[in-house]
Amino acid sequence: MSNNSYEAVMARRDAIMRASVGIDYSTFNTGSIGFDYEQMMKETSYPMDEMRRIQSSVGVGSTPIIELKNLTALARKYAPAGKGARIFIKDEAANASGSFKDRRASIAVYHAKKLGYKGVIAATSGNYGAAVASQAAKYGLDCIIVQECYDSNAKGQPEIIEKARKCEALGAEVVQLSVGPELFYKFLLLLEETGYFNASLYSPYGIAGVETLGYEIAEQFKEEVGKLPDMVVCTNAGGGNLTGTARGLHQAGAHDVQIVAASVDLSGLHMASDKDFNRKSFTTGHTGFGVPFTSWPDRSDVPRSAARPLRYMDRYVTVSQGEVFYITEALATLEGLEKGPAGNTSLAAAFSLASELDKDQIILVQETEYTGAGKMSQPQLSFARENGIALKFGDPRTEVPGESVILPENPSLIKAVDLDLMKLRRSLVKNALKLVDTNEVSEIDLAYLAEETRLQVADVKKLIAEISG
């Protein structure tokens, strides 16, 4: 009988991961730090045409682009003369389970079926669980979703609870856990006990599935608008959304499109804290995931994450919780479109960034998500009030995550705030140096870190010298 203590299961994690994903990640390792990312993606994912065929057969992809003319007009009201780009959205809520996560799940579950696995497991409290459940139902596979749902008082956020219900409605078994390290422990234990496929958000299959989104964007804008967007804004958490979209755009030849990451500012809150768990009003798309996963992607549930956002982002901006709630209501009342909070994070950023661009330019929010009873603004705001969070109108820049939600008094106060990319690059290099003695960093390692950070090797050497001191 296996030793299933926490320590024993953690010690077996690499073996469990290899068996549950079907990838020997060690074959891609190079040097002491790096690995051959492009070779991993090439050998383990599918060609674009095949992925589009797979997705089309299960109700995924070919989602519309929609111009938000009324929101554009509102943004122009507060923009400098001649500024105010046209704002578009890519309506990913039209996918099978209502979000872009269907693209990730469709390829991952297809691959699990192809390899002969009897079921799939995913660790997620978000839309990805519903996407995996939906695709598992289509392929006749069992599905288990492991969800971080409650604090120690068994209180769960409305949005998370709703997503659990949706997963169950699509045929999945949902294992609900409290915040903390038990999530990963239970996830590993279930993978080992069932022998099911790890339909990880961060596998090459999951990220490659999003490449079709970027590819479609380039195709549709060329055909329907006559030009590519100048800027694409991606809500950023674990980095897969941005990574896959950017890679797809590049495959379509759209190398000059500016890629902007956007996250809700939850600075000061700790995502693994029982105390902080219900003091936030957003379950994903926030800095609690976005910043650490950008500065060290391999903190995920696979040995090497295929989401490497720092390789692709040109800017990283944050918006406040209040700004996202405001833009959610504006989208509904001005455009007649009710969408969930994740895509509206990048929409709030896009509303602000539009004022930096000329009127003849285009800014695209590359995903929307479905909404429902627990994901709407009012349940989330009511839940915040119940947890002692102050709600008021004012300047969103005065919002303190965990203490207040400040809705802007007028749209001119919606202002995306840039994060320092060089600081994130420095953090990534610093995290990498924890794996090896500074004197043992090879030329191969330096080249890898240069690719990870979009810097020159000389710049990486300078950072290493500064960090090591």
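Put simply, the amide H of residue 262, placed in the peptide plane, has neighbours under 5 Å in 234, 235, 236, 317, leaving out anything fewer than 5 places away on its chain. Would you mind pulling out the separation of the Cα centroids of the stretch 390-469 and the stretch 233-263, in Å? Using only Cα atoms to place each centre, the spacing works out to 17 Å.
In deg cm²/dmol and to the nearest 500, what is the mean residue ellipticity at 222 nm of the chain if only DSSP H runs of at least 4 residues count, each as -39500 (n - 2.57), divided by the residue total?
-13500 deg cm²/dmol, from helical runs alone.
Can you tell me the FRET efficiency between residue 332 and residue 186 if r is taken as the Cβ-Cβ distance and R0 is 45 Å, rounded to the nearest 0.05? All intermediate terms of the calculation are to be shown ahead of the outcome.
Values: r = 37 Å, r/R0 = 0.83.
In this case the efficiency is close to 0.75.
Please give the per residue accessible area of the stretch 170-315, computed with a probe of 1.4 Å over protein heavy atoms only, in Å².
Values: 4270 Å² over 146 residues.
So the stretch 170-315 comes to 29 Å² accessible per residue, rounded to a whole number.
A crude spin-label estimate for the pair residue 272 and residue 7, with each label 7 Å from Cα along the Cβ direction, gives 1.8 nm. Label points 7 Å out from Cα along the Cβ direction at residue 382 and residue 409: separation in nm? Going by the 7 Å Cα→Cβ label model, 2.9 nm.
The simple spin-label model puts a point 7 Å past each Cα toward its Cβ; for residue 62 and residue 83 those points are separated by 4.1 nm.
Full extension of the chain between residue 114 and residue 465 yields a length gain of 121.6 nm, computed as 0.36 nm times the residue separation minus the alpha carbon distance.
Shape of the stretch 146-199 from its Cα gyration tensor (a ≥ b ≥ c, root eigenvalues): rounded if a/c is under 1.5, otherwise prolate when a/b > b/c, or oblate? List each step's numbers first, then the result.
Details: a/c = 3.03, a/b = 1.26, b/c = 2.40.
Note, shape of the stretch 146-199 comes out oblate.
So what's the chain giving for Cα Rg divided by 2.2 N^0.38 Å, two decimals?
Values: Rg = 21.3 Å, N = 469, 2.2 N^0.38 = 22.8 Å.
Here the Cα radius of gyration is 0.94 times the empirical estimate.
Span-like helix criteria (full DSSP H runs; alpha carbon extent of at least 20 Å along the helix axis; mean Kyte-Doolittle hydropathy of at least -1.0) are satisfied in the chain by 101-115, 204-220, 321-335.
Nonpolar atom fraction for the chain, defined as the carbon and sulfur part of the 1.4 Å probe accessible area, stands at 48 percent.
Students often get this wrong, so check it: of 77/415; 83/423; 275/339; 90/155; 430/461, which have C-alpha atoms separated by over 23 Å? Please report the intermediate quantities before stating the final value.
Values: 77/415 15 Å; 83/423 30 Å; 275/339 29 Å; 90/155 34 Å; 430/461 12 Å.
Cα-Cα > 23 Å for 83/423; 275/339; 90/155; rest within.
The values are calculated or read from the model by the stated rules, or taken from the named source; none is laboratory data. Since we're looking at a predicted model, the values are computed, not measured. Note that each Cβ is placed from the backbone with ideal geometry, even for glycine, and that neighbours are counted across all protein chains shown. Note: accessible area is taken over every heavy atom of the protein model, side chains too, but ligands, DNA and RNA are not part of it. Shrake-Rupley method; radii C 1.70, N 1.55, O 1.52, S 1.80 Å.
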